[in-house]
Ligand SMILES: [Zn+2]
């Protein structure tokens, strides 16, 4: 029989990356203080919500509640369209070196369609996938975009047909990030590129008690995301962190699937555990980071409200936002 301490540390499901069940308890609460158990695999340093939710419950959550709980709405609000439009410009610049003229691009989890609309305006053949019917229908109606409603598992697309596939803040929301990577790899041309951005588990820009979010089921570092890709036939070609360290952006190319290096991953666990232990509440609030972040957010909110004044629809907001971007 396991001792209580051992039971607390054992994961209820095996690790998606390395198969281990031996895990360290990271947290018992989400960022709103509600119960949410998060564990860190001792075999590799991948973290996840344990237990993971049932597939049906998760699907209905994304279909009906997620947008309402986190954005307070069932269709994009004007300030969010503007914010996502500004993000779309940053993302487009980030992706440009992997885009050839006339490339066919797929945006997985395209939300209200801001990045997809930018791709279409720049002359790329753009397709989106979005599980939330309200946001997907808005993107179709407002910008005349090709958006398929559903998750990666439900949508059917032609194999080897995309030059660039983008997954911005998608993998951490899925029950099986390995299966999602395997599916998008099938849609990628042999010469194509897959861009993935996820929250960085090792980030210190947020307070330690704000790290875990009910909607984020998995938490990655550079090593665990690269290894998961490698196992699914995706070779990491590029990696970078956002300026505040909060997001990890990686680009993969199709390759032969390869087994993961277990010794290196065990070292990753030790490194991640030690980094998280160093990021304490006291250390966070005695640094200037949280105060600068709060000021930046306030300035951003004021700027967003100013920018959308008098704009009646999403297309007007985005056309004004993208006007400064040179045509392809
Ligand atoms: Zn593991």
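A few points about this structure:
- Helix 177-187 axis, angle to the chain major axis (alpha carbon atoms, nearest 10°): 40 degrees
- The modelled label-to-label distance between residue 28 and residue 60, using points 7 Å beyond Cα along the C-beta direction, is 2.9 nm.
- Segment 170-328 shape via C-alpha gyration tensor axes, a/c threshold 1.5: oblate
- Length-normalised contact order for the chain - Cα pairs under 8 Å, 6+ apart - percent: 18 percent
- Degrees separating the helix 262-278 axis from the principal Cα axis of the chain, which is the longest one: 80 degrees
- Distance from the C-alpha centroid of segment 190-262 to that of segment 107-160: 23 Å, rounded to the whole angstrom.
- Per residue of the chain, the DSSP helices (runs of n ≥ 4 H) give a summed -39500 (n - 2.57) that works out to -11500 deg cm²/dmol at 222 nm.
- Cα gyration tensor, segment 79-162 - rounded (a/c under 1.5), prolate or oblate: oblate
- Acute angle (nearest 10 degrees) that the helix 222-231 long axis makes with the longest principal axis of the chain, alpha-carbon atoms: 80 degrees
- Percent antiparallel among DSSP beta bridges (both partners in the chain, rounded to 5): 55 percent
- Segment 115-221: C-alpha gyration tensor shape, a/c 1.5 cut-off, then a/b vs b/c: prolate
- A simple packing score, the average count of other Cβ atoms within 10 Å per residue, orders the peptides 50-62, 32-44 as 32-44, 50-62, with the highest score first.
- Shape analysis of segment 9-322 yields a ratio of the Cα radius of gyration to the Kirkwood radius, Rg/Rh, of 0.95.
Values in this text are rule-based calculations from the coordinates and carry no lab data. Since we're looking at a predicted model, the values are computed, not measured. Virtual Cβ from ideal backbone geometry, glycine too; neighbours counted across all protein chains shown.
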